[in-house]
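*Asks:* What follows is a single structure, and I will ask about it in a moment.
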Amino acid sequence: MIDEGLLLYFPAPHSFTGEDVIELQGHGGPIVMEMLLARCLELGARLAEPGEFTRRAFLNERLDLAQAEAVADLIEASSQAAARSALRSLSGRFSSELTKIRESLVELRMLVEATLDFPEEELDFLEAAQAFVRIDVLRGLIDSMLDRAQQGSLLRRGLSVVLIGPPNVGKSSLLNQLSGEDRAIVTEHAGTTRDALRETIHLQGIPLHIIDTAGLRDTDDAIERIGIQRTWQEVARADVILRLVDAAPGTAAVGVHQRETSDIDARLPDTAVRITVRNKIDLTGDLPRRYESAGRIGVDLSARTGEGLSLLEAELLRIVGWHAHDEDVILARDRHLIALREAREHVALASEQEGALDLLAEELRLAHDALARITGEFTADDLLGEIFSRFCIGK
């Protein structure tokens, strides 16, 4: 005897995979589960490969590829908004919208092919069917879907936000304010933070991976130098850089402060969005504000009191293009975005081919193929392997 539990039998095709499936439910203790699993293996079973059950469901046409990916997205969801969006995709809403767009593309392709096959007909199929008007409508539908998918991509992967600046400028205090708890040690002594400290917060459902880093300065401390090297490694991977400066530096330190700021600016990558945060306005009497100077965005705030924090949060949402979609967000992956952009580009090119019907037909075909890749109607085997290899073991 190993355990007492339940055995559930799901006859095909009424299981998750569409195959005959037996499910064993024990009491859940890790040791008992290991013993039960070991006995199953002794009797001839084998361990499932990553994503194998969901891949079988896809191959047996129980799910399309977008729904299969939604299984992993639902498991990995880090916010309620992301979980709701993944569940909508799993239920087939994303796939249903794609199907409607693809059906419209099929109708357009049929009209164009008919015109190419029967050029002697007096009736102009395309003009009678308002084909180019329908192409413009189709383009608008893809644009809308792409916008919602880009929002969903933010919900799924979040943003990497790195706090940088000289020592004692308030990076750790800002991390504590953003996270709502004392995650980082804050003292008056420079160089307190020696390594990158990570905290994930959520703004309107978007995961923000906030990374507090070692203060950037010249130092003879070997440990602090390693921390500074890691700071620059985090900066290279950042989506957004919050560059903190002191709104009230001491008079004797003004020259040093300006030199440190210039040195930091010179090393920042152009790939990340940059926001200058003037901290410690509680010491200067300044009011919180958002401003732009020489094309750079800035926010004045106090990390000690929290004044101006809402301005910074609103700016983070604005610069990434976030806007509320209620229940319409699509929890998209990078490959979905690439396919939607390709489809949009081909539809846009199709709208310019009024005098070249063969090119028009080709652009519509390419747009159709791009959308078909999302749900798996047209997908290479190596792509399937890549997708399902990222699932957890078995699922």
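*Asks:* With r defined as the distance between the Cβ atoms of Arg341 and Glu42 and R0 fixed at 51 Å, what FRET efficiency is calculated, to the nearest 0.05?
*Replies:* On the way: r = 51 Å, r/R0 = 1.00.
With a Förster radius of 51 Å, E is 0.50.
*Asks:* In addition: Using Cβ contacts closer than 10 Å as the measure, can you line up Leu197, Leu208 from fewest to most?
*Replies:* Numbers: Leu197 18, Leu208 22.
Arranged by neighbour count, lowest to highest, Leu197, Leu208 become Leu197, Leu208.
*Asks:* Using the Cα centre of segment 1-147 as the reference point, and only Cβ charges (+1 on K/R, -1 on D/E), how large is the resulting charge dipole? Debye, rounded to the nearest 20. Numbers along the way, then the final one.
*Replies:* Values: 13 positive and 27 negative charges, 141 e Å.
Value, rounded to 20: 680 debye.
We did not get these values from a lab; they are worked out from the coordinates using the rules stated. Just so it is clear, the structure is predicted and the values come from calculations on it, not from any experiment. As a convention, Cβ positions derive from the backbone with ideal geometry for all residues, glycine included, and neighbour counts pool all protein chains shown.
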